[in-house]
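Asks: Take this structure, written in structure tokens, and hold onto it; I'll ask about it next.
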Amino acid sequence: DTEVTQTPKHLVMGMTNKKSLKCEQHMGHRAMYWYKQKAKKPPELMFVYSYEKLSINESVPSRFSPECPNSSLLNLHLHALQPEDSALYLCASSRSGSGRARGSYNEQFFGPGTRLTVL
Amino acid sequence: RKEVEQDPGPFNVPEGATVAFNCTYSNSASQSFFWYRQDCRKEPKLLMSVYSSGNEDGRFTAQLNRASQYISLLIRDSKLSDSATYLCVVNIRHSGYSTLTFGKGTMLLVSP
């Protein structure tokens, strides 16, 4: 069972809608990630947060807006998406330093994902 | 050249068979290595880390050759439940986070 949770599991939205994806972990991890995965492709990194600060933005279009309200939560705000943005959106987390967080410094644990369809 | 290369398969094997997957990576700065398993329409799940000395977890054995930049996974006594896509993943650690590079995955189909 995953210790990274994501809501909603499925989302259908129109191109003019605004929606948000949510991710939560309680493993004490201080690094959190958003990935996008299309069918039959590996996950592609979108954003990395480390200690609640954005560390990497992989040239993601501005219609995707990440937010890290605290060390356990990660959001992805969606606005004016295109049909080609339909994909599985995965959240992951990893430990960042010393402490009692689960896993080695390098292991990333994935949530179950949100399957997004843009009409 | 792709950063992490794997044979996409599918590998079709009968139950009880032994099957091996191979993977090569191009970035010599890669620091740690993993095999993830992904079932259809599910998230990737960490199967095992891969260490230079080789490591085993039950029916699964992973090997790493840093000089050749080559990683392998051996599955013995295949079960139907082993059917999945196996992702070879390399990692570079940064200050406070890590970046994973995924291979495209190798599909395994185990039949009765």
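Asks: Which of (1) farther than 15 Å from A:Phe109 by Cα; (2) within 12 Å of chain B (Cβ to nearest Cβ); (3) within 13 Å of the chain's Cα centre (by Cα) does A:Tyr51 not meet, given it meets every other one?
Replies: The failed condition is (3).
Asks: Now for a separate question. Kindly evaluate A:Gly28 against the criterion of being more than 12 Å from chain B (Cβ to nearest Cβ), open to solvent by less than 40 Å² (accessible area, probe 1.4 Å), of a type outside the set (Val, Ile, Thr) and farther than 16 Å from A:Gly113 by Cβ.
Replies: no
Asks: OK, next. Determine which single condition B:Gly103 fails, assuming it passes every other condition in (1) of a type outside the set (S, T, N, Q); (2) open to solvent by 50 Å² or more (accessible area, probe 1.4 Å); (3) touching a Cys at 6+ places or on another chain (Cβ under 6 Å).
Replies: Here B:Gly103 meets the rest and fails (2).
Asks: Condition check: assigned to a strand (DSSP E or B) and modelled with pLDDT of 95 or more. Does A:Glu84 satisfy that?
Replies: Taking the combined requirement at face value, the residue does not satisfy it.
Asks: Output the number of the condition that A:Cys68 fails; it satisfies all remaining conditions of (1) in contact (Cβ under 8 Å) with a residue 40 or more places away in the chain; (2) within 14 Å of chain B (Cβ to nearest Cβ); (3) under 17 Å from A:Thr7 (Cβ atoms).
Replies: Against the list (1) in contact (Cβ under 8 Å) with a residue 40 or more places away in the chain; (2) within 14 Å of chain B (Cβ to nearest Cβ); (3) under 17 Å from A:Thr7 (Cβ atoms), A:Cys68 comes up short only on (1).
Asks: Among (1) open to solvent by less than 20 Å² (accessible area, probe 1.4 Å); (2) modelled with pLDDT under 95, where does A:Ala39 come up short?
Replies: Failing condition for A:Ala39: (1).
Asks: A follow-up question, please. Pairs please, first residue from the stretch A:106-119 and at the interface with chain B (Cβ under 7 Å from one of its Cβ atoms) and on the phi > 0 side of the Ramachandran plot, second anywhere and part of a loop (DSSP other than H, G, I, E, B) and open to solvent by 30 Å² or more (accessible area, probe 1.4 Å), Cβ atoms under 9 Å, 6+ apart in sequence or on different chains.
Replies: A:Gly113/A:Lys9; A:Gly113/B:Arg41; A:Gly113/B:Lys42
The values are calculated or read from the model by the stated rules, or taken from the named source; none is laboratory data. Fair warning: this is a prediction, and the values are worked out from it, not measured in the lab. Heads up, the Cβs are rebuilt from the backbone with ideal geometry, glycines too, and the neighbour counts pull from every protein chain shown. The accessibility values were calculated without ligands, DNA or RNA, using every heavy atom of the protein model including side chains. Shrake-Rupley method; radii C 1.70, N 1.55, O 1.52, S 1.80 Å.
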